[in-house]
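**Student:** I have a structure here, written as structure tokens, and I will follow up with some questions on it.
Derivation of every value follows stated rules applied to the coordinates shown; laboratory data play no part. Every value quoted in this text rests on a predicted model; they were computed, and no experiment measured them. Cβ placement follows ideal geometry from the backbone for every residue including glycine, while neighbour counts extend to all protein chains displayed.
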């Protein structure tokens, strides 16, 4: 399998200091992949700067210019969660451009699948506002561009970040060409992602939220993917599959109360890879969102690459959570979601 990686040192120039979303995330990932001899197996794909007319596929032009001005004036906090520095606007353009190059690489058959190791993340960014560490919505812009550029009729986005991708949902809530499926902890920031948010007008039913209670681990996530995510994707039959890949549902990540392990993420990626193989000629693009425990993040992304490369998994260096948790029963929750979307 030909697997690509989008990475560039420019992504380290979005300087956020001691903020939880910092350049150490990418440094840890890249170091881990190099130490474990994964990098030589990957096809490097260079990002580019996104253009204004590409950003405006999702964002208000005034908002884009305000972000540029704020950053070039020295940066600071845009809200309580989201911080930028002098070069953050340029880096954000390269994050969007890297995401778009990733999609281009699979659509032009350069690689079968690709992981864009980009930052800042994007799935919380809405039409006219930055939030949740995100400036521009990398995956939404890429999806809108791909629909136009390649004449696609159907595209699917899977979001397994522990937080709901409110910005991505907003971008396609009335667009029947895009199926958006999200697994996320609820309650948790940003407070969106309810089951009843199913899309509007001709897109009714193309927005599927799976709000999971705290404490869900490998078995519960696999259950959600097998019973809801996979059947929904199979029914929709996308021609391209994009993934908002957040690893903050790992048990060692203190930003949430989920209990996924590295092997649990590998199971999820395996299901997604099978769907891409069966439905859209392996056209599969991952884009980094969250994940803030550096060891868990790096190991989980290595496992993701090993699944994509069809390599044997490296033993999980962190193992499963030792909390002795009582796993929540999500059977009735999934039953209601399946009934809501006629997946029963």
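**Student:** Where does each of 300-306, 226-232 land if you order them by average Cβ count within 10 Å, highest first? Display every interim value, and only then the final one.
**Tutor:** Details: 300-306: 24.7, 226-232: 19.4.
For the peptides 300-306, 226-232, the packing ranking is 300-306, 226-232.
**Student:** Pairs of Cα atoms under 8 Å, at least six residues apart: use those to get the relative contact order of the range 137-251, whole percent. Numbers along the way, then the final one.
**Tutor:** On the way: 198 pairs, mean separation 38.9, N = 115.
Here the relative contact order equals 34 percent.
**Student:** 7 Å from Cα along Cα→Cβ at both residue 295 and residue 34: what's the point-to-point distance in nm?
**Tutor:** Those two pseudo-labels are separated by 2.1 nm.
**Student:** Here's a follow-up. Taking 22 Å as R0, compute the FRET efficiency from the Cβ-Cβ separation of residue 49 and residue 281 and round it to 0.05. Before the final figure, lay out each step's value.
**Tutor:** Values: r = 29 Å, r/R0 = 1.31.
After rounding, the FRET efficiency stands at 0.15.
**Student:** May I ask you to order 99-105, 29-35 by the average number of other C-beta atoms within 10 Å around their residues, highest value first? Show your work: numbers first, answer last.
**Tutor:** Values: 99-105: 24.7, 29-35: 17.3.
In decreasing order of mean packing, 99-105, 29-35 become 99-105, 29-35.
**Student:** Another question, if that's okay. Which order do 253, 329, 267 fall in if you start with the one that has the fewest other Cβ atoms within 10 Å?
**Tutor:** Numbers: 253 23, 329 10, 267 19.
Starting with the residue having the fewest Cβ neighbours, the order is 329, 267, 253.
**Student:** Taking 7 Å along the Cα-to-C-beta vector as the label spot, tell me the residue 234-residue 309 distance in nanometres, rounded to one decimal.
**Tutor:** 3.0 nm
**Student:** Another question about this same structure. What nm value, rounded to one decimal, do you get for the distance between residue 65 and residue 194 when each label is placed 7 Å out toward the C-beta?
**Tutor:** The answer from the label model is 3.7 nm.
**Student:** Sort out for me the Cα centre separation of the range 290-310 from the range 242-279, rounded to whole Å.
**Tutor:** 9 Å
**Student:** Next question, about the same structure. Can you tell me the relative contact order of the chain? Whole percent, Cα pairs under 8 Å, sequence separation 6 or more.
**Tutor:** 18 percent
**Student:** Here is a follow-up. Nearest 0.05, what FRET efficiency do residue 80 and residue 149 give at R0 = 51 Å with Cβ-Cβ as r? Each step should come with its number before you reach the end.
**Tutor:** Numbers: r = 37 Å, r/R0 = 0.72.
E between residue 80 and residue 149, to the nearest 0.05, is 0.90.
**Student:** OK, next. Out of all DSSP beta bridges with both ends in the chain, state the antiparallel percent to the nearest 5. Let's see the in-between values first.
**Tutor:** Numbers: 4 of 37 bridges.
Antiparallel: roughly 10 percent of the beta bridges in the chain.
**Student:** Let me ask something additional. I need the shape label for the range 112-215. Rule: rounded when a/c is under 1.5, else prolate if a/b > b/c, else oblate, with a, b, c from the alpha carbon gyration tensor.
**Tutor:** Oblate, since a/c reaches 1.5 and b/c is not below a/b.
**Student:** Given the -39500 (n - 2.57) contribution per DSSP H run of 4+ residues, what per-residue ellipticity at 222 nm results for the chain, rounded to the nearest 500 deg cm²/dmol?
**Tutor:** Working: 11 runs with 125 residues, N = 344.
Taking each H run of at least 4 residues, the total per residue is -11000 deg cm²/dmol.
**Student:** Let me ask something else about it. Given a Förster distance of 41 angstrom, what is the FRET efficiency for residue 56 paired with residue 13, based on the Cβ-Cβ distance and rounded to 0.05? Walk me through the numbers on the way to the answer.
**Tutor:** Details: r = 24 Å, r/R0 = 0.58.
Plugging the Cβ-Cβ distance into 1/(1 + (r/R0)^6) gives 0.95.
**Student:** Can you tell me how much longer the chain between residue 326 and residue 274 gets when fully stretched, taken as 0.36 nm per residue apart minus their C-alpha distance, in nm with one decimal? Walk me through the intermediate numbers first.
**Tutor:** On the way: separation 52, 0.36 × 52 = 18.72 nm, distance 3.04 nm.
Computed gain between residue 326 and residue 274 is 15.7 nm.
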